[in-house]
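The structure appears right after this line, and notes come after that.
The values are calculated or read from the model by the stated rules, or taken from the named source; none is laboratory data. Because the structure is a prediction, the values reported are computed rather than measured. Virtual Cβ from ideal backbone geometry, glycine too; neighbours counted across all protein chains shown. Ligands, DNA and RNA are excluded from the accessible area calculation, which covers all protein heavy atoms including side chains. Shrake-Rupley method; radii C 1.70, N 1.55, O 1.52, S 1.80 Å.
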Amino acid sequence: MAARKVVITGTGLVTAVGLDTETNWKALVSGTNGVGPIDGMDLEGFKTTFAAQIKDFDPTACMDPKDARKADRYVQLAMAAAVEAMGQADLGEVADPFRAGVIIGSGIGGMLTFEEQHSRFVHRGARAVSPLFIPMMISDMAAGMVSIRYGFRGANFCTVSACASGGHAIGAAYDQIILGHADVMISGGAEAAICNMALSGFGNMKALSSRNDDPAHASRPFDLDRDGFVLGEGAGILVLESEEHALARGATILGEICGYGMTGDAYHMTQPDTEGAGAMGSMTQAVRNAGITPEQVGYINAHGTSTFFNDKVESGAIKKVFGDHAKNLKISSTKSMIGHLLGAAGGAEAVITTLALGRGILPPTINLETPDPECDLDYCPNEAVKRDVDYALSNSFGFGGHNVTLCFGARR
């Protein structure tokens, strides 16, 4: 029996530069910046007062108003991306709902709900806490709500591995199809953590950029003058199918997931292994599991957070894995435009990588003005690059030493 293949038939993307995939894509290839001052918060005393915040999002465009009121913002964003992805996939009713599942990662879950309800508790007492607090706050509810929406009864859970959550979710969904447990999976990541506690926590650990006088140039991956990441919010969702299932129903195939790798640094709570062993391992596994050679990879959507350690460690790991071929690779960090979506990053960047392969355009890394000598690869500085690429990697690395690399193949 021939090995199963996992193909992509739908994409959904909500970020600070767009509320759907096409709007996002046009913005990203043109180098549009989604970073700016935060609206709707009292930021007196905060070290950082800007983020890649989604504006003008209306959850009732994809959810019943009653359901939207019962959902944290991260669930609303996940639902918007899932509805778009399912609409594009044009799946219809699945023959066996137990062979269709949902795995959506979130590093933090309903942090906005937690913060709001804690404030109620402190100021008004225990009885003021909403009876919906727990279901609105827990990290698995995006997967749960999407499965309810579509009646998918197969594997249904959330991956929680900090900034690797979305990537791990897609890898787990890929496994469900490869192992023959499912024909269809909805998968990706969602996050909405632009709030007091996240800004305070990340800011006080000096992980965030504090370029308050120039937020448009704050997210600058691989640049010598980078000073931290920019917090973003959003969701990226893929509809995955076995190739057999997709072809049988005449679906349009957008791309293929060819394999993935995942490792642990076993090194530090927040810093990456300085030797890059974990990042090297996840990329090496992804290439090997895809059954290709390193030389066949043409593009990497980097984790590229704009933090001092991550960017140089990731660059060093790429050079060690790819050797001389590293100089031929095109690499970009789309976090330069949409910020760091934390647990949603892997989902959003999976959508972006799929589009890059399918359309032969590689998004830029904006704000790359003064290259770091330790980051000396081709990061598509400031302008998109037209190039047909057969295989690409997408890296996601998280606090706790979690590493995952997805390998995508073009289906042009």
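A few remarks follow.
- Here the Karplus curve 6.51 cos²θ - 1.76 cosθ + 1.60, taken at θ = phi - 60°, turns the phi angles of the stretch 292-306 into couplings of 10, 9, x, 5, 7, 7, x, 8, 10, 7, 6, 4, x, 7, 6 Hz, with x standing for Gly and Pro.
- Our summary gives the stretch 326-368 a relative contact order of 61 percent, counting only alpha carbon pairs under 8 angstrom and 6 or more residues apart.
- For the stretch 85-237: accessible area per residue (Å², 1.4 Å): 40 Å²
- The value for the stretch 32-127 of Rg(Cα) / (2.2 N^0.38 Å) is 1.41.
- In the stretch 351-412 the Cα-Cα distances spread across 10 Å bins starting at 0 as 19, 41, 35, 5 percent of all pairs.
- Mean projected area in nm² (Cα convex hull; one quarter of hull surface) for the chain: 18.9 nm²
- For the stretch 66-181, alpha-carbon Rg over 2.2 N^0.38 Å: 1.18
- Percent accessible area from carbon and sulfur atoms, the chain, protein chains only, probe 1.4 Å: 52 percent
- For residue 222, the residues whose amide H sits under 5 Å from its own are 306, ignoring neighbours fewer than 5 places away on the same chain, with H placed 1.01 Å from N.
- Among beta bridges from DSSP that stay inside the chain, the antiparallel ones total about 70%.
- The stretch 48-178: relative contact order as a whole-number percent, Cα under 8 Å and 6+ apart: 31 percent
- Residue 362 long-range amide H proximity, modeled H, under 5 Å: 385, 386, 387
- 3J(HN,Hα) along the stretch 140-155: 8, 6, 4, 4, x, 5, 5, 5, 5, 4, 9, x, 7, 10, x, 3 Hz, from the Karplus curve 6.51 cos²θ - 1.76 cosθ + 1.60 with θ = phi - 60°, whole Hz, x for Gly and Pro.
- The chain: relative contact order in percent, alpha carbon pairs under 8 Å with at least 6 residues between: 24 percent
- Qualifying GluC sites (Glu not before Pro) in the stretch 57-154, where qualification requires a DSSP coil assignment and no more than 11 other C-beta atoms within 10 Å, comprise 93.
- Computed lengthening from residue 127 to residue 213, 0.36 nm per intervening residue step minus Cα-Cα distance: 26.7 nm
- On the principal axes of its alpha carbon atoms, the stretch 289-342 extends 31, 20, 19 Å, with the longest extent given first.
- The stretch 61-69 - phi-based ³J(HN,Hα) in whole Hz, Karplus 6.51/-1.76/1.60, Gly and Pro as x: 6, 10, 9, 4, x, 5, 5, 4, 5
- Here the sum of -39500 (n - 2.57) over DSSP H runs of 4 or more residues, divided by the residues of the chain, equals -10000 deg cm²/dmol at 222 nm, to the nearest 500.
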